[in-house]
Protein chains: 2
Amino acid sequence: MMTGMNMPAAQPRLIVFDVFGTVVDWHGSIVKEVSERFPSVDANGLALAWRAGYQPAMQGVRSGARGWVRLDVLHREILDGLLPRFGLGGLSEAERADLNRVWHRLDPWPDSVAGLTRLRSRFTIAPLSNGNLALLTAMAKRAGLPWDCVLSTEVFQAYKPDPRTYLGAVEAFGLQPGEVLMAAAHQDDLDAARSHGLMTAYVERPWEFGRQRPKDVTPSPDNPWHARDIGHLADQLLGT
Amino acid sequence: MMTGMNMPAAQPRLIVFDVFGTVVDWHGSIVKEVSERFPSVDANGLALAWRAGYQPAMQGVRSGARGWVRLDVLHREILDGLLPRFGLGGLSEAERADLNRVWHRLDPWPDSVAGLTRLRSRFTIAPLSNGNLALLTAMAKRAGLPWDCVLSTEVFQAYKPDPRTYLGAVEAFGLQPGEVLMAAAHQDDLDAARSHGLMTAYVERPWEFGRQRPKDVTPSPDNPWHARDIGHLADQLLGT
């Protein structure tokens with residue numbers, strides 16, 4: 001495995017980040033907000049079920065079964081399907097719309113803002129998330145995420161791991177794939193990015209699904225970088 | 001004319017800015033850089049001719065005569081056509097590429113960063129420029145423009161004043177046109193935005209084309225806001 005001690009010589013010209021789970025704690029943020037609003041609801045179950053609907057919902061767009069639909073809309077469709085099961089079938093339209101915007105209000109992991117701020121001092125940094133532009137913008141504004149540019153797969157009208165998303169980011173910046181580093185807490189996202197020539201960095205987020213469901217964060221030898229968190233990634237890339 | 005003394009009650013949820021001429025001083029920046037690099041060249045003439053090629057170049061895309069081409073490429077095509085006339089026909093590929101990136105290095109007007117920073121404290125702010133994403137991102141990073149999100153017409157694969165650009169920004173943020181304010185130093189840009197239901201603010205930039213060619217900055221009664229500069233716009237919108 002290549003690590004900080006044995007890193008590739010190449011330095012990226014652009015670093016793009018997965019966001020949900022990598023930069024922000026979707027599970028903890030949703031559990032917290034749902035628990036506060038609806039104390040009797042199984043907030044952990046709702047958070048996990050909402051997120052579990054994410055890949056199947058995007059699959060309809062990926063397969064071409066439906067045209068482009070932004071993630072805010074998919075999140076809402078999944079939520080509407082789940083509410084009765086969690087005793088919330090009686091929520092009004094306004095309450096549903098507001099609850100759906102919890103994805104705009106996700107809290108960053110404790111190291112994210114400081115780590116990104118350090119990386120930004122040398123590199124151009126942007127999200128490359130399936131979250132839509134408005135979602136990522138509201139999230140960044142609230143959480144203080146210091147992106148140089150908010151890049152969403154909405155720009156390419158395709159969801160990761162569609163090649164148009166990774167290569168679209170590369171091409172928009174007039175770069176070669178090998179000049180772009182993708183950082184994510186998900187090996188499948190990194191595998192896809194790497195298959196199109198991008199460099200990859202894995203970020204450990206063992207509690208992405210909550211303390212009750214630890215995630216396997218075993219390093220993969222395929223990633224040139226492997227970091228405990230974004231601060232540790234900055235240590236490696238800045239050589240500090 | 002409605003001014004700060006007589007402003008509309010509606011407050012925008014999103015403010016989008018034209019960039020070239022409105023937020024940054026393209027003429028002064030290009031003249032400065034060209035003068036420094038090539039002291040014998042008519043820098044004022046080159047800057048004006050380069051910018052004069054801008055509308056005709058975009059017209060090929062607008063008319064459908066050619067597919068989507070980002071502005072970096074159009075700027076380069078115009079530049080290549082102009083260089084011999086300015087005694088620079090012998091520039092190498094690397095020199096041309098670097099000179100073309102002067103558009104990534106434009107300096108803001110003196111009030112821009114402070115004015116945008118104040119506006120950002122209450123509103124979501126973004127460029128809505130024909131400049132491409134990489135250009136606007138590099139410019140913002142260098143100049144410290146505090147955008148919440150870098151919105152380029154590249155996202156909509158169309159150049160202003162195509163309706164898809166104004167309405168694309170509105171729709172991406174899940175808003176109604178009347179909730180978005182377009183700010184620009186160009187009445188034609190504002191006229192187009194207004195025709196699609198956006199609110200408009202004119203920003204005076206009398207020296208956009210240099211001190212030798214003052215621009216008419218007469219207020220138009222069609223714009224709910226008219227400001228001497230971005231600081232003055234912030235005064236009006238923040239009520240200070």
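If you take the residues of segment A:141-153 that are within 9 Å of another protein chain (Cβ to nearest Cβ) and more than 12 Å from the chain's Cα centre (by Cα), which of them is farthest from residue B:132 (Cα to Cα)?
This residue is A:141.
Restrict the check to segment A:196-210 and report whether at least one residue is small (Gly, Ala, Ser) and farther than 29 Å from residue A:29 by Cα. Even if it seems obvious, please write down each step before you answer.
Looking only at segment A:196-210, we keep the residues that are small (Gly, Ala, Ser), and these are A:197, A:201, A:210.
Next cut, farther than 29 Å from residue A:29 by Cα only: A:197.
Yes: segment A:196-210 contains one or more residues that are small (Gly, Ala, Ser) and farther than 29 Å from residue A:29 by Cα.
Counting only residues that are over 19 Å from residue B:22 (Cα atoms) and in a helix (DSSP H, G or I), which one in segment B:154-168 is nearest to the other protein chains (Cβ to nearest Cβ)?
My answer is B:155.
Please work out if residue B:137 is under 14 Å from the mean Cα position of the chain (by Cα) and either part of a strand (DSSP E or B) or within 24 Å of residue A:68 (Cα to Cα) (or both).
When the stated conditions are applied, residue B:137 does not pass them.
Would you call residue B:210 open to solvent by 10 Å² or more (accessible area, probe 1.4 Å) and either of a type outside the set (A, V, I, L, M, F, W, C) or within 24 Å of residue B:159 (Cα to Cα) (or both)?
For residue B:210, the condition - open to solvent by 10 Å² or more (accessible area, probe 1.4 Å) and either of a type outside the set (A, V, I, L, M, F, W, C) or within 24 Å of residue B:159 (Cα to Cα) (or both) - is not met.
Can you name the number of the only condition in (1) of a type in the set (Asp, Glu); (2) surrounded by 15 or more Cβ atoms within 10 Å (Cβ to Cβ); (3) assigned to a loop (DSSP other than H, G, I, E, B) that residue A:235 fails?
(3)
Just to be sure before I move on: is residue B:126 assigned to a strand (DSSP E or B), buried (at least 18 other Cβ atoms within 10 Å of the Cβ) and within 11 Å of chain A (Cβ to nearest Cβ) in the structure I sent? Walk me through it before giving the result.
Numbers: assigned to a strand (DSSP E or B): yes; buried (at least 18 other Cβ atoms within 10 Å of the Cβ): yes; within 11 Å of chain A (Cβ to nearest Cβ): yes.
Yes, satisfied.
Residues of segment A:169-180 being in contact (Cβ under 8 Å) with a residue 12 or more places away in the chain and either within 14 Å of chain B (Cβ to nearest Cβ) or among the aromatic types (Phe, Trp, Tyr) (or both), which ones?
Selection gives A:169, A:170, A:172, A:173, A:175, A:176, A:179, A:180.
Restricting attention to segment B:62-78, and to residues there that are assigned to a helix (DSSP H, G or I) and either of a type in the set (A, V, I, L, M) or touching a Phe, Trp or Tyr at 6+ places or on another chain (Cβ under 9 Å) (or both), which single residue is nearest to the other protein chains (Cβ to nearest Cβ)? Before the answer, list the steps.
So in segment B:62-78, the residues assigned to a helix (DSSP H, G or I) come out as B:62, B:71-78.
Add one more test, that the residue is either of a type in the set (A, V, I, L, M) or touching a Phe, Trp or Tyr at 6+ places or on another chain (Cβ under 9 Å) (or both), and what stays is B:62, B:71-75, B:78.
Details: B:62: 20, B:71: 12, B:72: 7, B:73: 9, B:74: 14, B:75: 12, B:78: 17 Å.
Out of the qualifying residues, it is B:72.
Within 30 Å of residue B:117 (Cα to Cα), assigned by TED's automatic domain parsing to the domain that holds residue B:225, open to solvent by 10 Å² or more (accessible area, probe 1.4 Å) and not aliphatic (A, V, I, L, M): which single residue out of B:51, B:13 fits that description?
Checking each option against the conditions leaves just B:13.
Taking the options A:50, A:109, name whichever one is modelled with pLDDT of 95 or more, away from chain B (no Cβ under 14 Å) and touching a strand residue (DSSP E or B) at 6+ places or on another chain (Cβ under 8 Å).
It is A:109.
Here are B:96, B:118, B:101: which of them is within 10 Å of another protein chain (Cβ to nearest Cβ), part of a helix (DSSP H, G or I), over 13 Å from the mean Cα position of the chain (by Cα) and surrounded by fewer than 24 Cβ atoms within 10 Å (Cβ to Cβ)?
Result: B:101 is the single residue among B:96, B:118, B:101 that is within 10 Å of another protein chain (Cβ to nearest Cβ), part of a helix (DSSP H, G or I), over 13 Å from the mean Cα position of the chain (by Cα) and surrounded by fewer than 24 Cβ atoms within 10 Å (Cβ to Cβ).
Could you give every pair whose Cβ atoms fall below 8 Å, whose first residue belongs to segment B:142-168 and is over 20 Å from residue B:106 (Cβ atoms), and whose second residue is of a type in the set (Phe, Trp, Tyr), counting only separations of at least 6 or pairs across chains?
Once the first residue is over 20 Å from residue B:106 (Cβ atoms) and sits in segment B:142-168, its partners that are of a type in the set (Phe, Trp, Tyr) give B:157/B:68; B:158/B:68; B:162/B:156; B:164/B:156; B:165/B:156; B:165/B:159; B:168/B:156.
For segment A:169-198, which positions are assigned to a helix (DSSP H, G or I) and open to solvent by less than 10 Å² (accessible area, probe 1.4 Å)?
Scanning segment A:169-198 gives A:169, A:170, A:172, A:190, A:193.
The values are calculated or read from the model by the stated rules, or taken from the named source; none is laboratory data. The shown structure was predicted, so the numbers you read here are calculated from the model rather than taken from an experiment. For neighbour counting, all protein chains shown are included, and Cβ atoms are generated from backbone atoms with ideal geometry for every residue, glycine included. Surface accessibility is based on the protein's heavy atoms, side chains included, excluding ligands, DNA and RNA. Shrake-Rupley method; radii C 1.70, N 1.55, O 1.52, S 1.80 Å.
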